[in-house]
Amino acid sequence: MTSSMALQGASSSLSSTSSSIHSWTHDVFLSFRGEDVCQKFISHLYHALHHRGINTGIDKNLERGEEISPELFKAIERSMISIIVLSKNYLESRWCLDELLKIIECKENVKQIVLPLFYDVSSSEVRHQKGNFGEAFAKLGCKIKDEENVTKWKAALQKVANFFGFTLGDRQVSYHC
């Protein structure tokens, strides 16, 4: 099963049952760390989704140093599906981790579908914060010095690593449950 087939199936089944319960403005919201995946992967994924008529929310306007806007949180809340592209540099962004917290909240409260894509990292590295991913998480913890948020982010990473998702790397795609 390809990821686009999974999205199309999830989108069509969810739109018929959930549209009366929740007002969706996007079919999909993409959460990613721009610098390491934007040109290589996100631009292609966004184009493929858009080409198939899938309304996709993507944050293109957040500048360094800015707080995440209420509009971005609304875009996440009003998306039927969130795709989280977890990459080696995902943890360099506090914004990504705050988006992740919001996405987990939406999964729990409005039954949003969450699909993690592990881009050149394994679900195990994310779940246990090991390898390069773990080193980046440790650096973030030292830099932020906010134990409460670090604890929340760690729990959210463990949760998302346990969701059904896809591992992408070296042009190979595999999935895990």
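The values are calculated or read from the model by the stated rules, or taken from the named source; none is laboratory data. In this text, all values refer to a predicted model and were calculated from it rather than measured experimentally. So basically every Cβ, Gly included, is an ideal-geometry build from the backbone, and we count neighbours across all protein chains shown.
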When region 98-145 is checked residue by residue, the ones that are in a loop (DSSP other than H, G, I, E, B) and touching a residue at least 60 places away in the same chain (Cβ under 8 Å) are LYS111
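Conditions (1) at pLDDT 90 or above; (2) buried (at least 18 other Cβ atoms within 10 Å of the Cβ); (3) among the aromatic types (Phe, Trp, Tyr), marked per residue:
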| position | (1), (2), (3) |
| --- | --- |
| VAL85 | yes, yes, no |
| SER93 | no, yes, no |
| LYS102 | yes, yes, no |
| ALA155 | yes, no, no |
| TYR175 | no, no, yes |
Would you confirm whether any residue within region 146-153 is within 12 Å of the chain's Cα centre (by Cα), in contact (Cβ under 8 Å) with a residue 12 or more places away in the chain, under 30 Å from TRP24 (Cβ atoms) and buried (at least 19 other Cβ atoms within 10 Å of the Cβ)? no
Among the residues of region 105-128, write down those that are acidic (Asp, Glu), within 19 Å of LYS152 (Cα to Cα) and over 14 Å from the mean Cα position of the chain (by Cα). GLU108, GLU125
Kindly provide the set of residues from region 121-133 that are over 12 Å from VAL160 (Cβ atoms), at pLDDT 85 or above and surrounded by fewer than 19 Cβ atoms within 10 Å (Cβ to Cβ), ordered by number. SER122, SER124, HIS128, LYS130, GLY131
